[in-house]
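Structure record follows, encoded as structure tokens.
The values are calculated or read from the model by the stated rules, or taken from the named source; none is laboratory data. It should be emphasised that the depicted structure is a prediction, and the values quoted were computed from it without experimental measurement. Just so you know, the surface numbers come from the protein's heavy atoms only, side chains and all, with ligands and any DNA or RNA stripped out. Shrake-Rupley method; radii C 1.70, N 1.55, O 1.52, S 1.80 Å.
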Amino acid sequence: MIKFRHIQNFYLHRQELHSMGKPSRVNQSVSSDFLLLGLSEQPGEQPLLFGIFLGMYLVTVVGNLLIILVISSDAHLHTPMYFFLANLSLTDACFTSASVPKMLANIYTQSQAISYSGCLTQLYFLLMFGGLDNCLLAVMAYDRYVAICQPLHYSTAMSPQLCALMLFTCWVLTNCPALMHTLLLTRVAFCAHTAIPHFYCDPSALLKLACSDTHINELMIITLGLVFLAVPLTLIIFSYVCISWAVLGIPSPGGRWKAFSTCGSHLTVVLLFYGSLMGVYLLPPSTHSTERESRAAVLYMIVIPMLNPFIYSLRNRDMKEAMGKLFGGGKAVFLL
């Protein structure tokens, strides 16, 4: 097991406190660091983890930026569906960038430290971009609902002005609660035990380190769950219920398949994203474990953003054709 200097200092300090018989309470605004314990402390696994997550991060960033480039360069893709897809790709790249670079830096430098301000900054961006991801998935479901269930009203219901307004609303709805939760954490006093058993600053793990009252912070987490998870998921389910009802009313099997195939990529991403969240956070507390939560976090924070460009490209002929034009006469289609 790797014994970093920060861990050694932490345990020595803890032993001194126990010998004094006094509880430890430290205002973290004065203290400098938290410790991110990461995914593994086995020395032999560190080079492998660094290589795997560096490769996944590069694929995520390049893939999502490529989606944005393709959509912006092809006039045929300047539609509401691809407008929100481009913003989803940007959000995915930012969401992953909020945690993975710090994890890679810690592995490379063999340090587990993250500063107090760095931890809160990371937490803010994770909450904001994670919430924005949920909201954009809900808006994209609404786009498919209007396109299939109310096609005659699509041009007015999804006008450029309304699309911009919906995007702005998503940013406001995610930024305000994330900022409020982060500011509320600055009022919390943390104990000397500052080790976080994750590769990122998890809000629930942070509150477990608190020595002061955290009822307001816990209430804020519930509010964030409603705003970022429950409401978007409810809208997505409602949209797909209406879509399914409308598709089943189409007499031709070919027509039904054509209508529903336009939702295939989005539905795949929704199932992967929310499935990974529910697989952990909706299970009984007795089944929770740090290892299970870390695996789920890797899935919805790293793996799914990496897969999104492939999901939206492999199943989309328009994206393939646009990428072929961008890279010259279809020569780059083999990348998909």
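Surface composition of the stretch 86-229: carbon and sulfur atoms hold 70% of the protein heavy-atom accessible area at a 1.4 Å probe.
In this structure the amide hydrogen of Ala195, modeled in the peptide plane, comes within under 5 Å of the amide hydrogens of Leu35, none closer than 5 places in sequence on its chain.
Ligands, DNA and RNA are left out, and with a 1.4 angstrom probe the accessible area of the stretch 206-280 is 54 Å² per residue.
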